[in-house]
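Data first, discussion second: the structure below is written as structure tokens.
The values are calculated or read from the model by the stated rules, or taken from the named source; none is laboratory data. The structure displayed is predicted, hence computed values, not measured ones. Ideal geometry is used to build each Cβ from the backbone, glycine not excepted, and the neighbour counts take in all protein chains shown. All accessible areas refer to the heavy atoms of the entire protein, side chains included, with ligands and DNA or RNA removed. Shrake-Rupley method; radii C 1.70, N 1.55, O 1.52, S 1.80 Å.
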Amino acid sequence: MTALLQLEDLHVFYGASQALDGVTLQVDEGQAVALMGRNGMGKTTTISAACRMLPLRKGRVIFAGQDISNWPSFRAARLGIGLVPEGRRCFPNLTVRENLIAAARPGRWDMAQVQRLFPRLRERADQYAVSLSGGEQQMLAIGRALMTNPRLLILDEATEGLAPVIRREIWAAITRLRGDGLSILLVDKTLSEILPFADASVILDRGHVIWQGAPDGLTADLQHRYLGV
Ligand code: ATP
């Protein structure tokens, strides 16, 4: 398999406090990788470092064979890293359509494709993003990331706090994207949803990768010790 994203020995600090202490992981082309761990273990920091939103004290970020360790985040995005951030940041005072157009870059994903994936975004096209429900805002956040035509889609807790029916809709959409061959790196805490979906999982504990492998190797003991299950 060809590596798409390689994080090598990442060390990241917030001021004097160390958040990542040598994180190494890889996402191959077409692979879905789940990043797991309890609160505060470094999942969001790992994602932010991959998107080049945080400076590295040490280590490298390689994307599609290029060393992007010193690139600004907009260049990383342009190269094909599409982020759906925690908290689904959309422009509240733009309509759904305007939010999508603002993110658009040429490629396979356009407004019609996104609306096909999430029909609610077609129904709500002229509504302001601020008036959407939490689940609809999450769909819009995913739609915006797709409009950039990424090679890698990164999702940070895409279904957190959403009602079960909406969670199912979002998982169904992400599963379709994966079936289409899109590479995905995602953070999620609901094991029953993430494990059937992922090809590989990585557990972070205090800024370290303490385990990685196929999801069926995630024993009850590991789940208990590192995921608080
Ligand atoms: P959660 O599941 O709660 O989102 P996480 O695994 O994503 O947690 P991070 O948000 O990456 O964890 O945080 C890793 C560590 O870095 C934590 O100890 C956290 O308190 C700290 N941290 C995160 N963001 C900042 C910041 N902006 N300034 C200072 N410390 C931070």
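Could you please find all residues in segment 81-103 being in contact with a helix residue (DSSP H, G or I) (Cβ under 6 Å, 6 or more places away or on another chain), free of Cβ contacts under 8 Å to residues at least 40 places away in the same chain and under 28 Å from residue 61 (Cβ atoms)?
91 - this is the single residue of segment 81-103 that is in contact with a helix residue (DSSP H, G or I) (Cβ under 6 Å, 6 or more places away or on another chain), free of Cβ contacts under 8 Å to residues at least 40 places away in the same chain and under 28 Å from residue 61 (Cβ atoms).
Of all residues in segment 45-88, count the ones that are buried (at least 17 other Cβ atoms within 10 Å of the Cβ), within 13 Å of the chain's Cα centre (by Cα) and not charged (D, E, K, R).
Looking only at that region, the number is 14.
Sort through 137, 115 and tell me the only one that's assigned to a helix (DSSP H, G or I), away from the ligand (no atom under 16 Å from the Cβ) and in contact with a helix residue (DSSP H, G or I) (Cβ under 6 Å, 6 or more places away or on another chain).
115
Mind checking which pairs have a first residue in segment 9-21 that is free of Cβ contacts under 8 Å to residues at least 60 places away in the same chain and a second that is open to solvent by 60 Å² or more (accessible area, probe 1.4 Å), Cβ under 6 Å, 6 or more apart or different chains?
As it stands, the answer is 9/24; 11/57; 11/58; 13/57, since those pairs meet every condition given.
Identify, please: which residue in segment 162-189 is out of contact with any Gly (no Cβ under 8 Å at 6 or more places or on another chain), touching a residue at least 40 places away in the same chain (Cβ under 8 Å) and not aliphatic (A, V, I, L, M) and is, among those, farthest from the ligand (Cβ to nearest atom)?
Among those that are out of contact with any Gly (no Cβ under 8 Å at 6 or more places or on another chain), touching a residue at least 40 places away in the same chain (Cβ under 8 Å) and not aliphatic (A, V, I, L, M), it is 176.
Within segment 182-197, is even one residue among the small types (Gly, Ala, Ser) and in a loop (DSSP other than H, G, I, E, B)?
No, every residue in segment 182-197 fails to be among the small types (Gly, Ala, Ser) and in a loop (DSSP other than H, G, I, E, B).
Looking only at helices (runs of 4 or more DSSP H) that lie completely in segment 1-109, which have at least 3 residues being within 16 Å of the ligand (Cβ to nearest atom) and touching a Leu at 6+ places or on another chain (Cβ under 7 Å)?
43-50
Which of the residues belonging to segment 22-43 are open to solvent by 50 Å² or more (accessible area, probe 1.4 Å), in contact (Cβ under 8 Å) with a residue 40 or more places away in the chain, in contact with a strand residue (DSSP E or B) (Cβ under 6 Å, 6 or more places away or on another chain) and within 17 Å of residue 155 (Cα to Cα)?
Within segment 22-43, 29 is the sole residue that qualifies.
Hey, among the residues in segment 110-147 that are in contact with a Lys or Arg (Cβ under 6 Å, 6 or more places away or on another chain) and among the polar types (S, T, N, Q), which one's least open to solvent (accessible area, probe 1.4 Å)?
138
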